[in-house]
Structure formats: C-alpha cells, structure tokens
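Take a look at this one; I'll ask things after.
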Amino acid sequence: MQLEATATDNLVLKTSARTSVWSALVGVAISLTNTIIQILMIYWILSAYGTEFNGFVRISMSVAIIGGTCEGALGVTTVILMAKPIMEKDWITANESFSTAKRKYRNKLWSGLLFVTLISILYPLEIALAPHFLQGDDIISGLTAPTQNATIHLWELGFVCFFFGFKQVVNSSIFGIYENVLEADKQNYLRRAIILFTDVVVYMLIISLLSWINFKGVYISPVLVFLPIVIYPFIRGFMIMFYVKRKYPWIKFYSDFNDHNLVRKSSKLFFSSLGINILMNADIIILLVVLGTSGLKTTSMLSIYMIVGINIRIIMLNFIVSFREYFVSQILKEGRIEWKTYTNYELYTYIVAAFSFVMISILTPFVATGLFGNVIAKDFNETEVSAIYQAQALKYIFSGQEFSILFGLSTSAIIIVQGQYVLVQAKGVEKRTTKWLNLIAIWYLITASLTLVLLYFFAFKSGTVDNWISRMIRYFYIIKLIFIMFAYFFLWSFTWTHITYNSSLKNVIPNFIFLLVPIISTSIFINYGLSKFALINITSEVVGEKIKVDVGAISIPTIISVLAITAITSLPICIILPLIFRPKIGLNIIVNLPIVKQIVQKNSSKLKIARFIDAGINAEEEADQNNQIIKSLYDQIEENNEAIDNESYFEKRYKYKNTPKVYTLKASEKPTNNAKSKK
C-alpha cells in the first residue's frame, strides 16, 4: 500500500507540475494580452470620447469588480472544498459542494442586478448634481466628446455603467460554478485559455469600433460601442459550461444537498479579506466622491498611471512566489516558524518592495507619459479656464517627482502587507485578524473622506485655490500610506505573537535598514539627479479664455536611458547591500531567482549523474525501471477505480445488504446521574 501511494503521489506531482507550467504560460499570455488591451482601450477611448469619459469607464469597471467581491470569496471556498473530492473521485461530497455553491450563486443574481441597476442610475446623477452642490455651478446634462463636440448624455453613461456591472454579475452568478470545477481539478489553464479567447474577441471588437470613430471622425454613441460587453459573459460562460458538462458527466445539481461548511467558510473569507481589499483598491472611488465632477479627469489620469504601476507590482510579486511557498509549507508542517526563518522571509519581501519602489517611482512616469501624455494634452487644449486646476493635476501626476515617490511608497507598503498576510493565511487564523483589519479600513475611509472634504471647503475654499486638486491627491496618499503601515505593524505584531517561536528583535533593525536605504537614496536621486539624465516637461497656461497644455515628447533613447538608470540604481542597493552585510541570505536570494535557480538545478542533476557513473550505476536503466513500476501500479489503480465507478459494482456489493437498524434510547433506559458504582 505504501508503494502504491508513493507511485500515485509521484504521478500526481508530475501531472500537477505539467498543468502548473501550462497554467503559468497561459497566465503570462493573458497578463500580456490584458495589458495590451488596456493600453489600446485607454488610447482609443481618450481619442474618441475624451478624458472624462475614460475616467467614467475606469470607475464603472472598479464598481463592477467591487460588486463581485462576495462571489469571489464564494468561488475561492468552492475551489478549496471541491479539490480533494474531485481528486479522490468522491462524487457525493463534490456534488454537495457543487449544489450548494450553485444555489448561492443563483440567489445572488437578482440582488446583484439590482445593485448594478441602482449604481447605473445614481452614478450619472452624482456626476450631474455634484458641481451644483459643491461649487454652485449649473447642473451637468452630459459629458463632451472631442469627436464633433458631441454630448454624451446621462442615460448613455447609465447604460455603459450597467453593461460592465451586468458582465460581472452574470458571469459569476450563472457560470461561476463551472469555472470553479475547472480550477478545483487543476484545469485552470483551460479556463484561462477560454478567457483569453473571449477577451480578444470582445475587446478587439470594441477597439475596432473606437478606432473607426477616430479614423472616420464620426460620432457613435458609446452605448453601441460598448454593447458587446453584454455578450461577453455568455461567450465565456457557455464555452466553459459545455466543456464541464462533457468532461464531468457526474457533476449534477441536487436541490436537497447543502454544505454548511462551504456557507460558513465563504462568509468568513469575504469578511476576512474585506479590510485588505479596501486598503489596496479604494483610491479612485474615494477621490471621485470627494472631487466630484473634477474627479472624472483626475481619476482618469490616475487610472492610466495605475495601469503601468500595478502591472509592475504584479511582475515584482512573482519574484517572491517561490520564497512564499517554502515558508507557507513550513507553517503548515510545523504550526509555527522559527524566528530566524521569518526574518529571512521578511528580508525577501523588503528587497522586493524596495526594488518595486525603485522601478515604479523612476520608470512609471516616463512610460505613462510616453504612451498617453499627448492624447490627454490634446483633450485639455481649447477647454474652459475652469479646467486649469485639472491641467495642474495632470502636471503633478505625470511629471511631478513628489507623486511618483508617494505612489511608489504606497505600492511598496502594499507588498510588505501582503507578505505578512500570506503567513496569517498559512496559519489559518485570518478570523483573528479580521476585526482589527476591518476597523483600520473603516477608519481609513472615514479619515480620508472627512479630511479631504474639510480641506476642500475650508483650506481650499471650495476649489478656488491654486493647485487644490494636486494638494488633495498629496494628502490622500499620505493618509493611505499611514493606514497601510498601521495594518502592517498590526500584522507584524500578530506574527511575533502567534506565528513565530523564539521571537526576538534580532535582525529586525538590519532588515528595516535594507528597506529604507533604497527608498531614501532613490528619493534623493529623483529629486536632485534624475532631471540631469531625463526630464518630463509638461506646461499648462491660460491663453485668453482657453487652456493650452503642452507635453514634451518622450523619445525611445530617453526610455532606454531611464531603464539603464533604474537597473544601475536598483541592483547595488537592493541586491549587493544584503550580499555584503548578510552574505548567506544575499547569496540565497540570487540562487533562488527563477533563471539562476533553473541553471543550478540543471547543474546539480549533471553532477548527480556523474556520481552515478563513477559508482558504476546506470542511471538511465534505474530510471526506466522506476517508471515501469510506477506505470504498472498506476494502471492497476486505474482498473480498481474503473471497477468502483461501475454502477454494477455497487449493485452486486450492496443490493442484498440489509439496511442497518437504528436504535433509539428511551427515557426509561437512560442512565441516571445519581447512580453510583458499588465497590
């Protein structure tokens, strides 16, 4: 039995590794495709409908994602609870989770559609009424598009907002359960391939319509342009559902099945991740509510900046995946981790956070300005004088050194918070951190909103002070950074108490120095040295009654020089510094980098084969014999499973078995409490 288990485990590991490779490759393809689609979408939306409408679309997508947060928690729980039953071919348990999750998904359909409908009505109304109540201006009837100076009416905005929400709700409520089945059976690469195909078909159709508007110079209502979003969930969902029903014929819905464990765990997961999600993703929504109509162009510019910055953050997080997996396995195996092991992990996350800060604070402004600067400037030209504050915000976001530093700091803080939260999840004690993280998130929302509103009315005199939008953005990111660090220190203290043993202050200060040195040195370099190598030049001025914005071109040599500067700046302070002061850890970091790790493993395999040859062992024959043994055992296991799956097997074994009797203990037969044993 032990030999059979070992053979099965080896085969499962090989299959899992193969599917993981495919999933990773498809995941990379999806990430690259989505990045290209986002860049093309933003570029053509800016050209066809202007900066304000692009901000509206970004907010609509963010609201749709928030609306699907609860379904996301249900999906993660369903995948976790169905993975083991599917692997063990326990159809009853798997169908129990499947039926419960499908019923909960369907129950959320109408409430989700109601939420989306309300948002699609209230959000355009907020755009129309906010200038009247905040600044005393006239009520807005719509947004102005640069194409033939057409007006995008409020009802059109409402439909576009509804389309994005409808896509999210229908996809999760009707087809989400079938995607969970593929994820639970380690077929996520297939799911991702279908998503990739659907993204290309639907969004390329929208991009084609947008580009046709720009080339022909004719106005088409955004309702018609974004209408393909409605068919997106059905193309994606029916393809996945058809495959699941063909591949898993035993998956069926039973109305009387109910998995209370799934219901309880999905609710816990939703509330446990709520605080972290608010701290990371509430930027645009808070600024939109506080800034009112001025927030449309501002959030549009921020969303462009965030697309570049967040993609860099995602890439950087991949560098610590292998390190995370090791420490998570240690916690699962031993319950806690040694303090020395934790400080090594902490150093890893600090180095990645510092490297992310260098990349984002130096590189993002040049990439964002090079891609979208001229398009946004064109949208500002020939606008009314009242838009001068938004033009100042454009200069602050894209060319201001202060904003790139603040945004880089907030991104690095998110990385170290996620690093701590991974350990909490591995320990399985998210519930014990939920209360405080949610309280920090609530106080963050209250403090940020209240502070910005008070600044708007009293310090900035209802938006009449020079550079008031830029200053609001500055204070907002300072507040966000403070509360993210509150969350980090809370998680750090929780790790000290509940996740590590032999906790001490050893290596805490050196690790923190390795985080601060790159950040401080890079900030000094950005403020005093970067302009000598590369400069982003954005000017805004009032000419008569109109605004003129000019964005200096970002050339290819400039981008190359910035990349070189980033590499020269980041490598010494992020890698060489730990290598000098903590050589073992620094060397371990270099060895575990993806490319270096593959080279080391390949060389170790060659050395192992060389030792076999020296000992007179034929490694190829040994490997062939092991493979033959594993294959024969696996074939035997498969035959047994096929016999068990056969319905006649159950009929022969259980058809003539008597139903077990159930005995009920009567009251007269219950033992009395006062009965005493005799000696």
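Within the set of other residues whose C-beta is less than 15 Å from the C-beta of ASP466, count the net charge using Lys and Arg as +1 and Asp and Glu as -1.
In short, +3.
Taking amide hydrogens as modeled 1.01 Å from N in the peptide plane, which residues meet the under 5 Å criterion relative to ILE152, leaving out close sequence neighbours?
Amide H neighbours of ILE152: LEU143, THR144, ALA145.
Around TRP339, with a cut-off of 11 angstrom between Cβ atoms, what is the net charge of the other residues, counting Lys and Arg +1 and Asp and Glu -1? Can you show the working numbers first?
Details: positive: ARG336, LYS340, LYS506; negative: GLU338, GLU346.
Surrounding charge for TRP339 is +1.
Might you work out the accessible area of ASP379 for me, using a 1.4 Å probe with all protein chains in place, and round it to the nearest 10 Å²?
Rounded to the nearest 10, the figure is 30 Å².
May I ask for log10 I(q)/I(0) of the range 462-515 at q = 0.16, 0.26, 0.31 Å⁻¹, from a Debye sum over the Cα atoms as equal point scatterers with solvent left out?
-0.66, -1.05, -1.13
Filter the cross-link list LYS395/LYS480; LYS84/LYS340; LYS102/LYS245 down to pairs whose alpha-carbon distance in this structure exceeds 24 Å.
On the way: LYS395/LYS480 22 Å; LYS84/LYS340 34 Å; LYS102/LYS245 14 Å.
Violating the 24 Å limit, Cα to Cα: LYS84/LYS340.
Please turn the phi angles of the range 91-103 into ³J(HN,Hα) values with the Karplus equation 6.51 cos²θ - 1.76 cosθ + 1.60 (θ = phi - 60°), one per residue in order, whole Hz, x for glycine and proline.
5, 5, 5, 5, 5, 5, 5, 4, 5, 5, 5, 4, 5
Please sort 557-567, 251-261 by packing, taking for each peptide the average over its residues of neighbouring beta carbons within 10 angstrom, highest first.
Output ranking for 557-567, 251-261: 557-567, 251-261.
Kirkwood Rh over alpha-carbon pairs of the range 180-220, then Stokes-Einstein at 20 °C and 1.002 mPa s: what D in µm² s⁻¹, rounded to an integer? Numbers along the way, then the final one.
On the way: Rh = 12.2 Å.
For the chosen part, D equals 176 µm²/s.
Further, regarding this structure: Ordering LYS480, LYS427 by how much accessible area each has at a 1.4 Å probe, largest first, what is the list?
LYS427, LYS480
Hey, what did the range 71-230 get for relative contact order, percent, Cα under 8 Å, at least 6 apart? Please report the intermediate quantities before stating the final value.
Numbers: 146 pairs, mean separation 45.9, N = 160.
Averaging sequence separation for qualifying contacts and normalising by length gives 29 percent for the range 71-230.
May I ask you to rank ARG192, ARG432 by accessible area, largest first, using a 1.4 Å probe over the protein chains only?
ARG432, ARG192
With every protein chain left in place, what is the accessible area of MET359 in Å² (1.4 Å probe, nearest 10)?
Around 40 Å² of this residue is reachable by solvent.
The values are calculated or read from the model by the stated rules, or taken from the named source; none is laboratory data. Predicted model, so just to flag it, every value in this text is computed and none were measured. Note: ideal-geometry Cβ built from the backbone for every residue, glycine included; neighbour counts use all protein chains shown. Ligands, DNA and RNA are excluded from the accessible area calculation, which covers all protein heavy atoms including side chains. Shrake-Rupley method; radii C 1.70, N 1.55, O 1.52, S 1.80 Å.
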